[in-house]
Amino acid sequence: MKNSHVGVALLVCVWLGGCADRGGSDSPSEQSQLCIAPNISLDFSGSPSGGATLWVSTVDHFFSAGALKKISLSEGSVDSRNLPVSADAIVREGSGRYLFIVNRLGTDSIQVVDQLSFKTVVEFSVGRGTNAQDIAVFNNKAYITRHNAKDILVCDLNPIGFNKLIDVSPWADKDGIPEMSWMEKEGAHLRVLLQRLDSTDQYLAKGVGAVLTLNMERDEVEGVKKLTGKNPNTPFRSNGRGQTYVSSLGVWGVNDGGIEELDAGLVVSESQLGGEAIDFVLTDDARGVALVSTAENHTALVSFDLSTRSTEMLSVSSTPSYQGWSQLFAIPGTKNVAIADRSLKDSAVRVWNTAERKFERAIEVGLPPYSIGFGSGS
Amino acid sequence: MRTYLLSCLAVSLTLSTSIICETTSASLPAIKVLGKKKSSHESSSLHVESFPVESFTVAQSLESSPAILVRQSGGAGSVPQFLVRGQDPSQTRFFFEGIPLKTSQYGVTHLELLSANHFSRVEVAPGQISTTLGEDGLGGAIHFRLPETFSRPAVTMRTGAFGYLEAYARAALPNRHPIQFAAEYSQAFEDFLYFDNNGTLFNSADDRIRRREDNLFRRISFLPHARFNLSPSSTCDLFSLNVLREQGLPGPVSAPTSGVWRGFTQLNSAIYRGQIKTIPVHAQVYSVWSQDGLRGIPQGSRSIDYDSHSLTLGVRSTQTWLQETNGTFRTTIGGQWERYQMESSSSVSPLFDNERFQLPMGADVEWGSGRLRGNVGIQGHLNKSRARTQASVRQDFFLSPRASVVYTFSASTRIRLAGGYFYRAPSMMELYGRPDGLSANPLLQEERAWKVEGGWDGEWRAPFLFHTWKLSYTAASAWGKNLISYLQNAQASAVAVNIGRANILSQEILVEGKDAHGFSLAAGWSWLHAINESEIDYQKGKELPGRPRQRLRVAARYEKNKWALGYTWTLTGATYGDVANLKRIGAVGDHAIQLSWNGGKWGEWTLEGRNLADATTAAAAYKNSEVESVENISGVSGYPVPGRRIYLSWKVEI
């Protein structure tokens, strides 16, 4: 996560020129710079066409340069082209033939990529220094969460332009900023994860996170529910039964988080998982796999059962998660899970076969993989 | 002032009690003059005797050397970074008249203390640090030297772009024991315009020119310097550089200003040059005391203040045991203790409280016969570091052998060859970390590098164009291993690890020419092949970022009667901005011009224009069809250098 670099950035900047993470509302002059793009018409409707594709954002270990890579699942090949994206960019499934890239702190933009031509068709700013986190599209409007802002940004998509800001600061923690991150769309409703970290103290988790529900037809907040865990850090994961889960990291090094079901509380704790819950995916309605940072600073792939609340360690990597297995992605239509392995010497997208409980293949994508998304384009 | 002098004298007492000031000294080495070096100790030095264009800043004084790449963002008050032969700035050691300017806490150098008015010459040793300086480092040494002789009283004023104002005055009391006082005030507001692409490389619709504000810089410095001529051949120098400064911290491009840095630093030193019995001795005792405050550093929605204090006490002595025509033998021993503390307003306990004791020692033998002279030396370093807050102690011992040889063909032509195995001890921050974002790594090892270089220097008279020509060529190579990089190891922290390896091959050519009619020309060209040899696949074989392959600097000056016109063109080649070589940064050209008029009793007036083609605007105007590409020279905060700058200087000697 980009906000995780704040401490490091401060360290470097204190003597060399300083840095700042500003939180708050966009000033009028900054607001005028939001969602500006050339006047082009994009068709965000329809279904993606083309073969199944994994889109992978990659970034070097110093988070200085990133590139988007394209893996054709049907052909099993990696496109040799690199599309420039920011360091630690997030890949989000797009709309129609387009894919959205969320460029976070330092770039703070949404990059729209044509999946077929593998080219950027447009990019627009969401506010310098606001640290974009996620994007969701509804009725030709893009809802964008920003970690260092008090408002959800709403941009029109066709044509691209500023629509409105939706203030969510009433649900912030004491620093006045709710630290919005992941979103999930369900019909006309949007779930927004509020991490509620203390931005005045190294983004430590001092209170529990929350989930805000936004009605996208009226652009109004319908309610906010507190989670049981602190520092919720993963995307929402839903199963076929309509149950939605999110995982909380809590305080690093303390087993105070875990996977919880919205409305039902903690289901699998970090103690049961065996360490810090880095990420998780669901592989069917009741089961899933999680990435866990162990007390030895190793990274484990752990399977869990939501109904029996049992866990089992599947595989372990001796590298810390930030230099090894860092993110999971359940590949749709398969029993496979893609793992972004950022190991120093043999980084790759590793595919874990949950049925056969083994690594099926490793796909090298040049730079270490960071975020994985699914789309078309092959 | 009297109190001040007394305190300086008090510092010297420690020295004078142990040193008998008697006879002939081993004087400071002469200024490095191209093609005239006598000693193989200095065989890696490369410096221009008189670059045609006058230097007004520290950066200008160094950019004449082709071995040094100057990276500067911001305006006149900003602190540049210097890369010597492509090595990281943290690997080069800077000295102010023998006082190390490195901080063992951060491993960086506080060059903002220095003003070009306070030194008369710079010795550049890109290959190695002399054993007599007793410091570690892979990237050579840059030594700012005080004047050897006390100059006449003078007043200098300089003003120019970005609210730059500088006033300098010096006065001397000439007697048997001369004393000189120098004081300077400088300021710059530097609210410069820069091109902002709004972070969107693929969208030029939201580009704009923005103003970077809150870049205030103010500095007051005071430098008394006394010389006690104890005998015809022995001297004791006392000096004290006192610097009070205030500086805005501009923050990165995407964020607002990061507060203000205010600090006071005092460097005191006493230097003895003479003999103890029959042994020539060059001894120095020094102290560096610094008190800094960072105010209003934004963190989230609030700001935090930081306070830091540091004290360094050091002593170093070089003894020349044998000084014959065919050889010399000298040893150096010293000791240095440093302590650094920092507190923040957001933390009850100190962020760190670290100390380091260093015991440098060195020896070298120089011998010569006829045209050939050689030198073999070794430096040892005992380091003992302690993190008081973590009750952690670590002790290291490093050794660095080195050798050089010079063969003189004639009075004006020579070849030189030098090599050695060098080290850089990890900074205490790298070892012990910081609670706000850096983990400790007590297993961290020192950085190491094998370095070799060879070169040829020549000077001759020619019947055409210029009556005097000088030419120097140097090829150098460095193989670095265990290089320290920072890797993220948890959600909010990184750790320093020894994963880096690099091979750097460089070539430098320096040409100087002068004619009898007031025309002079100098050109420096450097070629750099800095390759990352890290074991990380996507880095191996790639170019190290920020190291342009080619750099060319041409300067010309024409003098006639009271007038002088100087012109400098610097071309910095393309480079990469990241370790994976995905971000290419284009080449940048820079033009500067100086027009001077010496009005005698009215003083010397210089009008100077820098970056006349406005590389910033030119870069902003360049966009290719697919991705906006802004070519700029940017520093740590990502800002390009400001556009055109004009300065007017006035200097009068009384």
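Size of region B:74-220 from its Cα atoms: along the principal axes, largest to smallest, the extents are 70, 38, 24 Å. Qualifying trypsin sites (Lys or Arg not before Pro) in region B:160-251, where qualification requires a DSSP coil assignment and no more than 16 other C-beta atoms within 10 Å, comprise B:Arg176. The alpha-carbon atoms of region B:409-553, seen along their principal axes, cover 68, 29, 28 angstrom, with the largest extent given first. Inter-part distance, region A:39-98 to region A:188-233, computed on C-alpha centroids, equals 27 Å. Note that region B:218-235 has calculated 3J(HN,Hα) couplings of 9, 8, 10, 10, 9, 9, x, 9, 10, 10, 9, 7, 6, 7, x, 10, 9, 9 Hz, one per residue in order, obtained from phi through the Karplus relation 6.51 cos²θ - 1.76 cosθ + 1.60 (θ = phi - 60°); glycine and proline are x.
Under a model in which nothing but the beta-carbon of Lys, Arg (+1) and Asp, Glu (-1) is charged, the protein assembly as shown shows a dipole of about 3360 debye around its Cα centre.
Backbone phi angles across region B:549-560, fed through the Karplus curve with coefficients 6.51, -1.76 and 1.60 (θ = phi - 60°), yield HN-Hα couplings of 4, 10, 8, 10, 9, 10, 10, 9, 9, 10, 10, 8 Hz in residue order; Gly and Pro are listed as x. Per residue of A:53-63, other chain Cβ atoms within 10 Å of the residue Cβ number 4 on average. Computed about the Cα centre, the dipole magnitude for chain A is approximately 380 debye when only Lys and Arg (+1) and Asp and Glu (-1) carry charge, each at its Cβ.
Suppose a student asked you for the relative contact order of chain B, using Cα pairs under 8 Å spaced at least 6 residues apart; what percent would you report? About 12 percent, as a whole number. Across region B:119-172, the mean sequence separation of Cα contacts (distance under 8 Å, 6 or more residues apart), normalised by length, yields a relative contact order of 30 percent. A Förster radius of 56 Å combined with the Cβ-Cβ distance from A:Lys358 to B:Leu465 puts the calculated FRET efficiency at roughly 0.15. The GluC sites (Glu not before Pro) of region A:115-217 meeting both criteria, a DSSP state outside H, G, I, E and B (loop) and at most 15 other C-beta atoms within 10 angstrom of the site's C-beta, are A:Glu217.
Can you order the peptides B:462-472, A:299-309 by their average number of other Cβ atoms within 10 Å per residue, highest first?
Numbers: B:462-472: 14.5, A:299-309: 18.8.
So the order, starting with the most tightly packed, is A:299-309, B:462-472.
Averaged over the residues of B:480-486, the number of partner chain Cβ atoms lying within 10 Å of the residue Cβ comes to 1.
Taking a ≥ b ≥ c as the square roots of the Cα gyration tensor eigenvalues, with a/c under 1.5 meaning rounded and otherwise prolate when a/b beats b/c, else oblate, which class fits chain B? Rounded shape, in that the Cα axes give a/c under 1.5.
Calculated from the alpha-carbon coordinates, region A:60-213 shows an Rg and a Dmax of 16.3, 51 Å respectively. Using the reciprocal of the averaged 1/r over all distinct C-alpha pairs, how large is the Kirkwood radius of chain A in Å? Kirkwood hydrodynamic radius for chain A: 20.8 Å.
The mean of 1/r over all pairs of different alpha-carbon atoms in region B:281-391, once inverted, gives a Kirkwood hydrodynamic radius of 17.4 Å.
Kindly flag which residue pairs out of A:Lys69/A:Lys230; A:Lys358/B:Lys481; A:Lys69/A:Lys335; A:Lys185/A:Lys206; A:Lys230/B:Lys102; A:Lys335/B:Lys583 have an alpha-carbon separation exceeding 31 Å in this structure. In this structure, A:Lys69/A:Lys230; A:Lys358/B:Lys481; A:Lys230/B:Lys102; A:Lys335/B:Lys583 exceed 31 Å between Cα atoms.
log10 I(q)/I(0), Debye, Cα-only region B:475-581, no solvent, q = 0.13, 0.17, 0.21 Å⁻¹? Log-scaled intensity ratios, in q order: -0.65, -0.85, -1.08. Dipole orientation for region A:159-254: of the candidates A:Pro235, A:Trp171, A:Leu190, A:Pro235 has the Cα lying most toward the positive pole (charges on Cβ; Lys, Arg +1; Asp, Glu -1).
Report the equivalent ellipsoid semi-axes for region B:187-306 in whole Å, largest first, defined as the square roots of five times the eigenvalues of the gyration tensor built from alpha carbon atoms. Please report the intermediate quantities before stating the final value.
Values: eigenvalues 463, 55, 32 Å².
In descending order the semi-axes read 48, 17, 13 Å.
Dipole of region B:529-612, Cα-centred, from +1 at each Lys and Arg C-beta and -1 at each Asp and Glu C-beta, to the nearest 20 debye?
Charge dipole of region B:529-612: 340 debye, to the nearest 20.
In region A:156-208, which chymotrypsin sites (Phe, Trp or Tyr not before Pro) are in a loop and have at most 10 other Cβ atoms within 10 Å, using DSSP for the loop call? Filter output for region A:156-208: empty list. Taking label points 7 Å from Cα along the Cα-to-Cβ direction, B:Leu173 and A:Ala264 give a separation of 8.8 nm.
Classify region A:37-80 as rounded, prolate or oblate from the Cα gyration tensor: take a ≥ b ≥ c as the square roots of its eigenvalues, call it rounded if a/c is under 1.5, otherwise prolate when a/b beats b/c and oblate if not. Kindly include the intermediate steps, with their values, before the conclusion.
Working: a/c = 3.34, a/b = 1.19, b/c = 2.82.
Here region A:37-80 falls in the oblate category.
Taking one quarter of the surface of the C-alpha convex hull of region B:271-314 gives a mean projected area of 4.1 nm². For the peptide A:104-110, the mean number of other protein chain Cβ atoms found within 10 angstrom of a residue's Cβ is 4.
Across every direction, the projection of the convex hull enclosing the Cα atoms of region A:195-246 has a mean area of 4.7 nm². The distance from the alpha carbon centre of region B:470-486 to that of region B:303-372 is 23 Å, rounded to a whole number. With each label modelled as a point 7 angstrom along the Cα→C-beta vector, the A:Lys345-B:Asp305 pair spans 5.0 nm. Entry note, region B:263-394: relative contact order of 17 percent, from Cα contacts under 8 Å with a spacing of 6+ residues.
Over 53 Å, how big is the tail of the calculated P(r) for the protein assembly as shown, in percent of all Cα pairs? In whole percent, the long-distance tail amounts to 23.
Each value in this text was obtained by applying a stated rule to the coordinates, not by laboratory testing. Predicted model only: the values in this text are computed from it and were never measured. Positions of Cβ are generated from backbone atoms using ideal geometry, with glycine treated the same way; all protein chains shown enter the neighbour counts.
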